[in-house]
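The values are calculated or read from the model by the stated rules, or taken from the named source; none is laboratory data. If you're wondering where the values come from, they're calculated on a predicted model, not measured in any experiment. Note that we place each Cβ from the backbone using ideal geometry, even for glycine, and neighbour counts take in every protein chain shown.
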Amino acid sequence: MRARPEIPSEIEEFRDARWRREGARQVASPIEAERFIEQVGFAACLTDSRRPGPSLYIAVCGRRDAVMPRNVQKDEEASAAWLLKDDLIRRANVYYAKLSRGKAMFIAPRMIPYFNAIWGLKRSEEKAALSGNARKILKVLRKEWEMATADLKADSGVTDRKAFYAALDQLQAAMLVIPEGVYYDPKFTYIWTLGLSRFPDALTTRVTREAAVKEIARCFLASAGLTIPGELAKVTGLSRAEAGLGNRALVKEGFAQMLRPGWYQLRS
């Protein structure tokens, strides 16, 4: 296996501050979590130090080497991050869904138009891009606006558990459907709604794909300080080719400098 390139210590320290990987800056409340997401632009929910990029779980732990334990139910930090995720969904100040490659991610409102330009679907594209089950679920939500999981299964007719969640994942990845609430009593359930119901302005703002790629690259580089080969693609779900185009656009405008192929550093 090819060894992961070593990131300079000063860049790791830069990321410690920006990504809240320090005990003095760790996230402990919904307001702090929202401020963290707004500052970094987008962050994974429960990834740990084995994956690159900002993460709510790592920010809750407040350390660079945080690793998610196997038995997450008994881990205080994992539980704290999970409950914060629930709070953020209810508060609706940041976007949350399973996006590219099924990875749960938070997006600051200012970045929603750019992510939507890459992964969102126009209504005219839905029939060709979405499965039949996904279209059934979407049709019900467009009529009812919000529904609990069990009711959505029944009304859509997609009652097979595996098929239902595969369709929901597809709708989330297309930035059409999001969870708007989580309840544990009398039984655990999500409440689902349309992304447009919570973020209408951001999801109807049109930007070009080229501009979106550049702004996503800018957002990541501003909080990471440096990006290494394949890192931006892995964090965001962009292809490596498109991530490279975004980084080179930043070099062209003077926001970044290319140290060598695949290595781009914030120019400041």
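Hey, any hits in the range 99-107 for a residue that's of a type in the set (V, I, T), buried (at least 17 other Cβ atoms within 10 Å of the Cβ) and touching a strand residue (DSSP E or B) at 6+ places or on another chain (Cβ under 9 Å)? Scanning the range 99-107 turns up at least one residue that is of a type in the set (V, I, T), buried (at least 17 other Cβ atoms within 10 Å of the Cβ) and touching a strand residue (DSSP E or B) at 6+ places or on another chain (Cβ under 9 Å). For the range 116-136, the set of residues classified as touching a Gly at 6+ places or on another chain (Cβ under 9 Å) and of a type in the set (A, V, I, L, M, F, W, C) consists of I118, W119, listed by residue number.
Among the residues of the range 92-106, those that are in contact with a helix residue (DSSP H, G or I) (Cβ under 6 Å, 6 or more places away or on another chain) and closer than 17 Å to I191 by Cα comprise A92, N93, V94, Y95, Y96, A97, K98. Looking across the range 103-152, just one residue is under 22 Å from L56 (Cβ atoms), of a type in the set (D, E, K, R) and modelled with pLDDT of 95 or more, and that is R110.
From the set of residues in the range 213-227 that are among the small types (G, A, S) and assigned to a helix (DSSP H, G or I), which is surrounded by the fewest Cβ atoms within 10 Å (Cβ to Cβ)? Here the residue is A222. Looking at this structure, is R123 more than 22 Å from E38 (Cα to Cα), of a type outside the set (V, I, T) and under 12 Å from the mean Cα position of the chain (by Cα)? Criteria not met by R123. Scoring D151 on the criteria (1) in a helix (DSSP H, G or I); (2) touching a residue at least 40 places away in the same chain (Cβ under 8 Å); (3) assigned by TED's automatic domain parsing to the domain that holds L138; (4) over 21 Å from L121 (Cα atoms) leaves a single failure, condition (2).
Selection over the range 142-170 of residues that are within 22 Å of the chain's Cα centre (by Cα) and among the aliphatic types (A, V, I, L, M) gives a count of 3.
Within the range 172-212, the residues that satisfy the criterion of being in contact with a Phe, Trp or Tyr (Cβ under 9 Å, 6 or more places away or on another chain), farther than 30 Å from L245 by Cβ and not β-branched (V, I, T) are P179, E180, G181, Y183, Y190, L194, S197, R198.
When you check T236 against the structure, is it in contact (Cβ under 8 Å) with a residue 24 or more places away in the chain, among the hydroxyl-bearing types (S, T, Y) and buried (at least 19 other Cβ atoms within 10 Å of the Cβ), yes or no? So T236 fits the description; yes. Name the one entry in A249, A243 that is buried (at least 22 other Cβ atoms within 10 Å of the Cβ) and either more than 16 Å from W119 (Cα to Cα) or outside the structural domain of G53 (by TED's automatic domain parsing) (or both). Testing whether each residue is buried (at least 22 other Cβ atoms within 10 Å of the Cβ) and either more than 16 Å from W119 (Cα to Cα) or outside the structural domain of G53 (by TED's automatic domain parsing) (or both) leaves just A243. Summed over the range 157-174, the residues that are part of a helix (DSSP H, G or I) and crowded, with 21+ Cβ neighbours inside 10 Å give a count of 6. Looking only at helices (runs of 4 or more DSSP H) that lie completely in the range 1-97, which have at least 1 residues being within 21 Å of E231 (Cβ to Cβ)? Counting at least 1 such residues, we get 9-18, 30-40, 56-61.
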